[in-house]
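> I have a structure here, written as structure tokens, and I will follow up with some questions on it.
The values are calculated or read from the model by the stated rules, or taken from the named source; none is laboratory data. Note that the coordinates shown come from a computational prediction; the quantities given were computed from them, not determined experimentally. Virtual Cβ from ideal backbone geometry, glycine too; neighbours counted across all protein chains shown. For the accessible areas, the whole protein counts, side chains as well, though only heavy atoms, and no ligand, DNA or RNA atoms are used. Shrake-Rupley method; radii C 1.70, N 1.55, O 1.52, S 1.80 Å.
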Amino acid sequence: MSDIFSPVRLGEVALANRIVMAPMTRDRAGPGDVPTATMVEYYRQRASAGLIVTEGTQPSPAGKGYWRTPGMHSEEQIAGWRQVAEAVHGEGGRIVVQLMHVGRAAVQANKDPDAETIAPSAIPCPDPIPGPDGIPVATAMPRALVTDEIPGVIAEYVAAARNAIRAGMDGVELHCASGYLPMQFLSSNSNRRQDRYGGPVENRIRFVVETLEALAAAIGPGRVGFRICPGVKFNGMDDADPHETYAALLRAVDGIGLAYCHLIHIPLEGQDALDLVRANWSGAVIENGALTLAKARAVLAAGRAEAVSFAYLYIANPDLVERFGRGAPLARANKANFYTGEGDDARGYTDYPPLTE
Ligand SMILES: Cc1cc2nc3c(=O)[nH]c(=O)nc-3n(C[C@H](O)[C@H](O)[C@H](O)COP(=O)(O)O)c2cc1C
């Protein structure tokens, strides 16, 4: 039985406790998609988490789809992230960067005018996405990648992972959920390719398997995690058989020696998603999704996960670990400030206070 406050190792990353801050896009990067001083402060405030997974961060200009998300592909961005890593490490925390390439889930006005929108197939994302003013608009029509271009996209992820390590980060997490590029390859309805990256499940998992292998070869498998959400319908995903897809994926990457699998746990017909992961994956698991302290403790005590993550609770409770430890009340987050500070980036971001003595 593992207590939530006990230390744990996820691959090469040693956590002081099992409470993970889940990745959250907050749309507050500065010009050039560079992390700002306000972002440094936001992460520093939350460094008592055993591990922070940063907001989704694009590995390339084409990987951006939302307004003011940070990148990991320029020297200025690396310098900004270095400030974040130093601040978190200075507080004794650990931090990995979530690499998020949105693929087709992109609004052109949110990214560089000459940045392309690419996807496994030329099928647009049916869900509108907020533009620069926060109002949802139609996504861009993607161009289907030709087979020879795919190693180049994987190379962008690898370069971003190397940049993350140069910035002093503890590792990276590959975002394979929420209908972004890796999931667009995995799902049968968004991947209609006829080459070795499309069609039967062993082909649809290939992009993610090759990317994880390349990341592991570049920075060491123990510094690479990945995030999945079997069965999610967000951003137009509708896989014909999520059980088959994720069982195949998990088995294929099980031997790489990766740091962890981060599961966004939603109801799945037929087999519970955590059971699906446990049946096909022998590595560490971070469980996520509407957890409370009691639910998180029960999952850890049953040995069903090595760590647990919280997103929503971390918005308004920078000292969530301390609050859990003291049984203190939890503050409620203001949804109006999730993605905007209303003229002030700090509003609803770095102004949630810790407990007072
Ligand atoms: C404001 C906000 C932004 C989010 N951005 C991301 C993201 O960039 N990457 C990601 O994998 N998940 C993202 N998520 C999903 C969360 O990481 C998490 O899976 C989800 O909120 C469920 O966990 P919770 O019940 O603890 O909030 C986001 C959630 C919220 C509330």
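> Considering only residues of segment 278-295 that are part of a helix (DSSP H, G or I), among the aliphatic types (A, V, I, L, M) and within 15 Å of the ligand (Cβ to nearest atom), which is nearest to the chain's Cα centre (by Cα)? Give the derivation first.
Taking segment 278-295 as the starting set, the residues that turn out to be part of a helix (DSSP H, G or I) are 278-280, 293-295.
Subsequent filtering for residues that are among the aliphatic types (A, V, I, L, M) retains 279, 293-294.
Adding the requirement that they be within 15 Å of the ligand (Cβ to nearest atom) leaves 293-294.
Details: Leu293: 22, Ala294: 24 Å.
The extreme case among them is Leu293.
> Which one is surrounded by the fewest Cβ atoms within 10 Å (Cβ to Cβ), of the residues in segment 67-91 that are outside any helix (DSSP H, G or I) and among the small types (Gly, Ala, Ser)?
The residue in question is Ser74.
Yes/no per residue for (1) under 26 Å from Gly171 (Cα atoms); (2) aliphatic (A, V, I, L, M); (3) open to solvent by 50 Å² or more (accessible area, probe 1.4 Å):
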{"site": "Gly231", "(1), (2), (3)": "no, no, no"}
{"site": "Glu244", "(1), (2), (3)": "no, no, yes"}
{"site": "Ala247", "(1), (2), (3)": "yes, yes, no"}
{"site": "Gly257", "(1), (2), (3)": "yes, no, no"}
{"site": "Leu263", "(1), (2), (3)": "yes, yes, no"}
{"site": "Leu274", "(1), (2), (3)": "yes, yes, no"}
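> Would you mind telling me which numbered condition in (1) open to solvent by 60 Å² or more (accessible area, probe 1.4 Å); (2) more than 18 Å from Ser60 (Cβ to Cβ) Ala122 fails?
(1)
> So which residues in segment 159-186 are away from the ligand (no atom under 16 Å from the Cβ) and either hydroxyl-bearing (Ser, Thr, Tyr) or surrounded by fewer than 21 Cβ atoms within 10 Å (Cβ to Cβ) (or both), if there are any at all?
Ala159, Arg162, Ile165, Arg166, Gly168
> Taking the condition of a type outside the set (Phe, Trp, Tyr), crowded, with 24+ Cβ neighbours inside 10 Å, out of contact with any Leu (no Cβ under 9 Å at 6 or more places or on another chain) and at pLDDT 95 or above, does Val97 pass?
yes
> For a quick check of your reading of the model, give me the residue pairs whose first member lies in segment 308-322 and is of a type in the set (Val, Ile, Thr) and assigned to a helix (DSSP H, G or I), whose second is open to solvent by 10 Å² or more (accessible area, probe 1.4 Å) and within 7 Å of the ligand (Cβ to nearest atom), with beta-carbon atoms closer than 9 Å and at least 6 apart or on different chains.
What qualifies is Ile315/Met24; Ile315/Phe338.
> Return yes or no: is Arg304 in contact (Cβ under 8 Å) with a residue 12 or more places away in the chain, under 24 Å from Arg44 (Cβ atoms) and open to solvent by 20 Å² or more (accessible area, probe 1.4 Å)?
The answer is no for Arg304.
> Conditions first: (1) open to solvent by less than 10 Å² (accessible area, probe 1.4 Å); (2) more than 16 Å from the ligand (Cβ to nearest atom). Leu51 passes all but one, so which condition is the exception?
It is condition (2) that Leu51 fails.
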